[in-house]
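The structure appears below as structure tokens.
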Amino acid sequence: MADGSDVKRESDYDVLYRIMTTRMSVRRIKPDPIPDEYVEKILEAGRWAMSGANGQPWEYLVITDPKKKKDLYDAFQDTNQEFCFWMEQMRPFELRHPAFQVKGDDLKDEWQKIRNSTGGQQRRPWHEAPVVIVVLGDGRRQWATVNAAFTFGRHASHFTDGLANTCTHMQLAIASLGLGSHWGTVHVQEPLKRVLGVPDLIDVYLIISVGFADIERKPGVRRDLKELVHRESYDMSKFMSNEDIIDYLYKLRGKTMFRYHLKDSVLPGSGDKKA
């Protein structure tokens, strides 16, 4: 060090690893405003993502207006979330997505609890976050890449790969700034397009709400590296049968349920606040 101290400086990889392993999806974000410069840094990180032939298919729609955020949230809940809720009820309870593991006999009532964010979980509707970033995609920019990208059922692969990359860049930037974020997967685009005035040819890919986290971080759950890595050729001892995969999902749900039931992780003094 220049001052003669023995403090060891973190390597670039150490910094990146710390950011990656401490990032988490935050389902309770404070409504407090965040600096405009933070938003610009997040978007700037996103635009440097990799994409097929550098086609850069992404665009970002930044929303801070409370009414616009609420309108988008309502459209999302009444289509995407309701769609997911009813599909999940077809699975055994333990295998359902944790957000939709309801035990009440009246499923319509249980859906309304989730719809109105009163399902017994200490959450805040994501529209109350100070900033919502909607990631858009223009599939025509995939024309930049090779024709092979359009064949064998991979007609949109470079398109969605690029959009996933830009979202990852932004999520890491958000974590590096000490902020929290939650991302909402879009299954049904049309109602959201109507709220946002998005043209038909443009895809609504992902919704990222950004702000200061109002929950304590919990340890991440990831598969052990030795389970994932093969050397020189595929190690068949690591191949999972269909039955193995179902067993894996049961165990995974047991490890991740706490992420969706956040009552014990709300920051001190914030549990009794009205959302």
Could you list, in sequence order, all residues of segment 153-167 that are modelled with pLDDT under 95, of a type outside the set (Val, Ile, Thr) and surrounded by fewer than 20 Cβ atoms within 10 Å (Cβ to Cβ)?
153, 154, 155, 156, 157, 161
Does residue 178 qualify as being in a loop (DSSP other than H, G, I, E, B) and either touching a residue at least 12 places away in the same chain (Cβ under 8 Å) or among the small types (Gly, Ala, Ser) (or both)?
yes
Might you let me know whether segment 51-73 holds any residue that is at pLDDT below 95, open to solvent by less than 80 Å² (accessible area, probe 1.4 Å), assigned to a helix (DSSP H, G or I) and more than 23 Å from residue 186 (Cβ to Cβ)?
yes
Can you confirm whether segment 13-22 contains a residue that is open to solvent by less than 70 Å² (accessible area, probe 1.4 Å), closer than 17 Å to residue 133 by Cα and touching a residue at least 12 places away in the same chain (Cβ under 8 Å)?
no
State yes or no: is residue 166 outside any loop (DSSP other than H, G, I, E, B) and within 16 Å of residue 209 (Cα to Cα)?
yes
Is one or more of the residues making up segment 33-43 more than 24 Å from residue 177 (Cβ to Cβ) and at pLDDT 90 or above?
no
What are the residues in segment 76-120 that are touching a residue at least 40 places away in the same chain (Cβ under 8 Å), of a type in the set (A, V, I, L, M) and over 23 Å from residue 204 (Cα atoms), if any?
95
With of a type in the set (A, V, I, L, M) and in contact with a Pro (Cβ under 6 Å, 6 or more places away or on another chain) as the only criterion, which of 63, 34, 29 stands out?
34
Give me the residue from segment 213-258 that is of a type in the set (Val, Ile, Thr) and free of Cβ contacts under 8 Å to residues at least 24 places away in the same chain and, out of that set, least open to solvent (accessible area, probe 1.4 Å).
229
All positions within segment 168-183 that are of a type outside the set (Val, Ile, Thr) and open to solvent by 10 Å² or more (accessible area, probe 1.4 Å)
169, 171, 172, 173, 175, 176, 177, 178, 179, 182, 183
Would it be correct to say that residue 35 is touching a residue at least 60 places away in the same chain (Cβ under 8 Å) and not hydrophobic (A, V, I, L, M, F, W, C)?
no
Can you pull out every residue in segment 181-201 that is under 15 Å from residue 62 (Cα atoms), part of a loop (DSSP other than H, G, I, E, B) and without any contact (Cβ under 8 Å) to a residue 40 or more places away in the chain?
197
Does segment 113-152 hold any residues that are open to solvent by 70 Å² or more (accessible area, probe 1.4 Å), in a loop (DSSP other than H, G, I, E, B) and either within 21 Å of residue 55 (Cα to Cα) or modelled with pLDDT of 90 or more (or both), and which are they?
146, 152
If we scan segment 28-47, do we find a residue that is under 16 Å from the mean Cα position of the chain (by Cα), part of a loop (DSSP other than H, G, I, E, B) and surrounded by 16 or more Cβ atoms within 10 Å (Cβ to Cβ)?
yes
I'd like to verify a number: residues in segment 75-112 that are loosely packed, with under 15 Cβ neighbours inside 10 Å and among the charged types (D, E, K, R), how many?
8
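The values are calculated or read from the model by the stated rules, or taken from the named source; none is laboratory data. From a predicted model like this one, the values you see are computed outputs, not experimental measurements. When we count neighbours, we look across all protein chains shown, and the Cβ atoms used for this are built from the backbone with ideal geometry, even at glycine. For the accessible areas, the whole protein counts, side chains as well, though only heavy atoms, and no ligand, DNA or RNA atoms are used. Shrake-Rupley method; radii C 1.70, N 1.55, O 1.52, S 1.80 Å.
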